[in-house]
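Take a look at the structure set out below.
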Amino acid sequence: MGKPRFHWLRFPLLNFRRCPLSRKTLLIATVCVLYLCFVFSQVGYSQLHRGRRIDKEKSRNNHGSDYIRVNGAPSDLAAAPPGAGFVVPTRSNVVYITLKSKRLKPVHIRGTVRPKLRRKVRRNKTDSLSFTQNKLGTLELSAGEIRRNAAHETSWKESRDLNYKSVEIILKSRREEEEATGSQISSIRIYGERAPPWFSAQDVRSMRFLADAKALRVTEVSHGESEALLIFEGKTNVPADGQRTGVCGSQCGVIHSPVDNSEVFAFHLDRVLGLNRTLPAVSRAFSFLHDGQPCPVVLWDASLYPEGLAAGWAAVRLTWREYQSSLKQKCWHKNIPPKPDSGCATVHHYEWSKLAFLDFLLQIHSRLDPSCCGFKPRREDVCVELGHHAQCANQDRIRLADVVYRGNDQRRLVFVNNKGFFDRNEDNLDFRLLEGIKEFPEPAVSVLRTQKLREKLLQSLFLDQTYWESQGGRPGIDKLIDVIQKRAKVLLTFINAHGIKVIPMNI
């Protein structure tokens, strides 16, 4: 039985071999056509079935008849119609589809932004400025390069003791460039809604003026034997509030040497401690001065010269002995006028405590100890070079210096020439600055006791970007604050050891 079946299977193969070549080709082509028809029919059926399934799922999602359960819990029960319970999905095979947003082609940046073409302006040699400054801070003007304003020179001259040199420093081409580029970014960085609370609105306006105002002219003012002042007049839309004098026509700033950067630090420390006795100061770089190095600029205050610049500051004239006597008498304490023969100055008693507090932290000896009698000075210190240190043999006759007040407010002091020293060790501090002081202001002492001094100083000094970067950024500022913090610990120890009172001191 198996043998006939084997022959039956072999019969088509034997016949196919014996067929002619044309018939073999016809049979193979027929089989291929049948196979292709079968494949196309299967693909069409699958596509039709898939389309029906997608339509059915869309209609089901639109009508909300089916809900998907994820991890055994409904995905969104709030979307179900009212009165409908949880419906078990009708399909057991749930397909998860991840939708990808269409990726857009990146913008060709080089082709979208075209650099702004600026017209090159030819400058004459007579328009360029060349400034050099000697050790005393005087300004030498190169002949043939500076145009002097004779009208300003004549109108500003008050007496024969004054010498004014007025220079136009903003060129026409420079104005055109600034107007074309628009307003520049301020170097005073205030990123929040308002400045730190220890700054008043007037402080912020003054800082922005000193840092960003266009300098219209620079004036060197020398009077008598005093050090010459370098004053710049800035362009501002704010009225000067009665500050118009023979030296400054509107709002001005006094430019100091780059080595006097402690003026800026003193201003911020004064505001953080709540003393509010220094003039606003910022750090600013002038391309025509000091080779473009940042230098401190202090706000000009004409009220410090009530009798004119030739007469000098409205300063307190006291010797060291008279100063110690006024501390014991507590002159103008509780606004009680002192006796005519008491020898008291016009300054309130609390002002000396505020002055001593700031001077000790910054080790400013030029006011209360101009002869350097309370510490070991170096050979390069001014008091040694000028021979003032030899006067310490008779300390009672040494006169105080740079103790200034405003002509319209003789009870309060204004701290000027705040040249501090950060390189003085704790074993060589000037404790003579604290001699005779029995009270200290409570807001300033509380800042030291709560250990918020570093945090507040960092927040305050960060506003002045030019000063911040000129000191080496955060590492350089931290080194300066480290010195102040060490002195603050010494001062707190001195307060506790000597039983010094801490009072509000509101005057």
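Here Arg454 meets the list (1) of a type outside the set (Phe, Trp, Tyr); (2) surrounded by fewer than 20 Cβ atoms within 10 Å (Cβ to Cβ); (3) closer than 30 Å to Gln329 by Cβ almost entirely, failing just condition (3). Quickly run through segment 276-313 and pick out the residues that are more than 29 Å from the chain's Cα centre (by Cα) and outside any helix (DSSP H, G or I). Residues satisfying the conditions are Tyr305, Pro306, Glu307, Gly308, Gly312, Trp313.
If we scan segment 262-282, do we find a residue that is surrounded by fewer than 18 Cβ atoms within 10 Å (Cβ to Cβ) and of a type in the set (Val, Ile, Thr)? Checked against the condition, which is being surrounded by fewer than 18 Cβ atoms within 10 Å (Cβ to Cβ) and of a type in the set (Val, Ile, Thr), segment 262-282 yields no hits at all. Evaluation of Tyr350 against the conditions (1) of a type in the set (Phe, Trp, Tyr); (2) over 32 Å from the mean Cα position of the chain (by Cα); (3) assigned to a loop (DSSP other than H, G, I, E, B) shows that the sole unmet condition is (3).
If only residues of segment 180-216 that are assigned to a loop (DSSP other than H, G, I, E, B) and among the charged types (D, E, K, R) are counted, the one that is modelled with the lowest pLDDT is Glu193.
Considering only segment 340-351, how many residues are loosely packed, with under 10 Cβ neighbours inside 10 Å and touching a helix residue (DSSP H, G or I) at 6+ places or on another chain (Cβ under 9 Å)? Residues flagged as loosely packed, with under 10 Cβ neighbours inside 10 Å and touching a helix residue (DSSP H, G or I) at 6+ places or on another chain (Cβ under 9 Å) within segment 340-351 amount to 0.
Taking segment 467-484 as the search range and keeping residues that are buried (at least 17 other Cβ atoms within 10 Å of the Cβ) and out of contact with any Lys or Arg (no Cβ under 6 Å at 6 or more places or on another chain), which one is nearest to Arg271 (Cα to Cα)? Break it down stepwise before answering.
Let us first name the residues in segment 467-484 that are buried (at least 17 other Cβ atoms within 10 Å of the Cβ), namely 467-468, 470-471, 477, 480-481, 483-484.
Those left that are additionally out of contact with any Lys or Arg (no Cβ under 6 Å at 6 or more places or on another chain): 467-468, 470-471, 477, 480, 483-484.
Working: Tyr467: 16, Trp468: 17, Ser470: 21, Gln471: 20, Ile477: 17, Leu480: 17, Val483: 18, Ile484: 15 Å.
So, considering only residues that are buried (at least 17 other Cβ atoms within 10 Å of the Cβ) and out of contact with any Lys or Arg (no Cβ under 6 Å at 6 or more places or on another chain), the one nearest to Arg271 (Cα to Cα) is Ile484.
The values are calculated or read from the model by the stated rules, or taken from the named source; none is laboratory data. This structure is a prediction, so every number in the text was calculated from the model and none was measured. No Cβ is skipped: glycine too gets one built from the backbone with ideal geometry, and neighbour counts run over all protein chains shown.
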